[in-house]
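None of the figures in this text is laboratory data; all of them are computed from the coordinates on show. Just so it is clear, the model here is predicted, and its values are computed rather than measured. When we count neighbours, we look across all protein chains shown, and the Cβ atoms used for this are built from the backbone with ideal geometry, even at glycine.
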Amino acid sequence: MKAGIDLISFYSSNYFLDLKTLAEARGVDFNKFYIGIGQEKMALPPPDEDIVTMAASAAQPIIEKVGRENIELVVLATESCIDQSKAASLFVHGLLGLPKRCRAIELKEACYGATAGLQLAAAWVEKNPEAKALILASDIARYDLGSPGEPTQGCGAVAMLVSTKPRIMTLDPECGYHAEDVMDFWRPTYRGEALVDGKYSTRVYLSTIIEAWNQYRERSGRTLSDLARCCFHLPFTKIAEKAYERLAKACGLPSPTDADFELRLRESLRYNRITGNSYTASLYEGLNSLLDHSTADLSSQRIGLFSYGSGCMAEFFSGVVQPGYRQHLFTEKHLALLNNRTELTFQQYEDIFNYGVPEDGGNHSMAPYRTGPYRLAGIKDHKRLYEKSR
Ligand code: COA
């Protein structure tokens, strides 16, 4: 019996800013963004969208397909929390009408949280083979306007159903991990925007991948050529090439060529390149992008996955794509969403960025924007009120 990802679904906002627009406004050559960091567009949530509505919208297709039965664990990983006490998973649990006989929690460790959730869920379903777990990763990446982090903003959510009869990917038992107390990226509770020492963070990311990889390799006996494709946490997509290069070097392989990058990485970068960073969801958005775009049939192929959360926690693990996986993907839904987004002007971007949810405890309704199937309807007495938008 092998646990793993039974279904996977992705959601992001219906609004985006082209980084050419940002580059022009900030007086920067847009190729710094398009080529230098590998980002073209960033998704921005309108005022009536938040991590709860995005997570529920990501999960909705899964619930429509398989129903709610036996979902006994809901984990929502985020670093964009909306409440210091109540778990965001409980709002999603309510919106989706999930069974009351259920554990629902929120997890945090920067962008790594969803991996902790996935590994916990896999171990848990192996002990409870009839039960299923819903793992949600939902985030809004925000940095100060005009800061180096600004072009690496974005938002998105991924929902994964975990079971002992996974139709998408079984998870290998071997993994390598690395924890270290560093200050590369953080967000004190009184700030809405993250603080990041971007270059230091990139260095830590690239050194911890080797620590995690070495343990993965010792435990599994595998090398890089045993992995048909690799998916990485993507604060910006260019980092995947740097990470893959490091892994190749650690395995004593020649430096990867453009053709290697094209084969091993490119399909996993397509969504992230046009949504920006989605923190906890980013690695799984990349996996979804790979599964949705791969021209080759990945059935029975092993995929390497690297999860990184600043602070920091790193993990290298792998999984095997299941035969017939293609018929269980939500590719059309994902492409319809991303191909029909509304482009923002620079002024609209700054207006949305500067919008702050009311904090006075009054009764506020939110103006309707284009959202997924759920929206934040208003805030009353400091309570968020959600509704179905269609
Ligand atoms: N054409 C092509 N490439 C260009 C260019 C141009 N006109 N101008 C610059 N570049 C390249 C640079 O050479 C550099 O590439 P390299 O890293 O391979 O050397 C890249 O673009 C970025 O330029 P740089 O000057 O380093 O950018 P920056 O100081 O603005 O910072 C980040 C870039 C990624 C560090 C910054 O956006 C950041 O901090 N982002 C947040 C990252 C994050 O969230 N980390 C934490 C979680 S993992």
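See the values below:
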quantity: Some residue of the range 179-202 being within 11 Å of the ligand (Cβ to nearest atom), basic (Lys, Arg) and more than 24 Å from Ile82 (Cβ to Cβ); calculated: yes
quantity: Listing of strands (runs of 3 or more DSSP E) fully contained in the range 268-378 that carry 2 or more residues being touching a residue at least 40 places away in the same chain (Cβ under 8 Å); calculated: 302-309, 313-321
quantity: Residue check, Tyr271 within 16 Å of the ligand (Cβ to nearest atom), buried (at least 24 other Cβ atoms within 10 Å of the Cβ) and either over 10 Å from Cys231 (Cβ atoms) or of a type in the set (Phe, Trp, Tyr) (or both); calculated: no
quantity: Test: residue in the range 211-233 that is assigned to a loop (DSSP other than H, G, I, E, B), closer than 24 Å to Ile135 by Cα and touching a strand residue (DSSP E or B) at 6+ places or on another chain (Cβ under 9 Å); calculated: yes
quantity: Those residues of the range 292-328 which are on the phi > 0 side of the Ramachandran plot and away from the ligand (no atom under 16 Å from the Cβ), in sequence order; calculated: Ser300, Gly324
quantity: Odd one out for Asp29 among (1) away from the ligand (no atom under 16 Å from the Cβ); (2) without any contact (Cβ under 8 Å) to a residue 12 or more places away in the chain; calculated: (1)
quantity: Where a residue in the range 122-134 is of a type outside the set (A, V, I, L, M, F, W, C) and its partner, wherever it lies, is surrounded by 14 or more Cβ atoms within 10 Å (Cβ to Cβ) and in a strand (DSSP E or B), with Cβ under 8 Å and at least six apart; calculated: Asn128/Glu72; Lys132/Asp6; Lys132/Ile71; Lys132/Glu72; Lys132/Leu73; Lys132/Leu161; Lys132/Val162; Lys132/Ser163
quantity: Identity of the residue in the range 45-67, among the hydrophobic types (A, V, I, L, M, F, W, C) and surrounded by fewer than 24 Cβ atoms within 10 Å (Cβ to Cβ), that ends up nearest to the ligand (Cβ to nearest atom); calculated: Ile62
quantity: Candidates Ala137, Ala141, Ala159, Ala88 - the one that is under 28 Å from Lys333 (Cα atoms), small (Gly, Ala, Ser), within 13 Å of the ligand (Cβ to nearest atom) and touching a helix residue (DSSP H, G or I) at 6+ places or on another chain (Cβ under 7 Å); calculated: Ala141
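A quick yes/no check of all residues on (1) assigned to a helix (DSSP H, G or I); (2) over 20 Å from Thr371 (Cβ atoms):
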| residue | (1), (2) |
| --- | --- |
| Met1 | no, yes |
| Ile8 | no, yes |
| Leu17 | no, no |
| Lys20 | yes, yes |
| Gly36 | yes, yes |
| Pro46 | no, no |
| Ser85 | no, yes |
| Leu98 | no, yes |
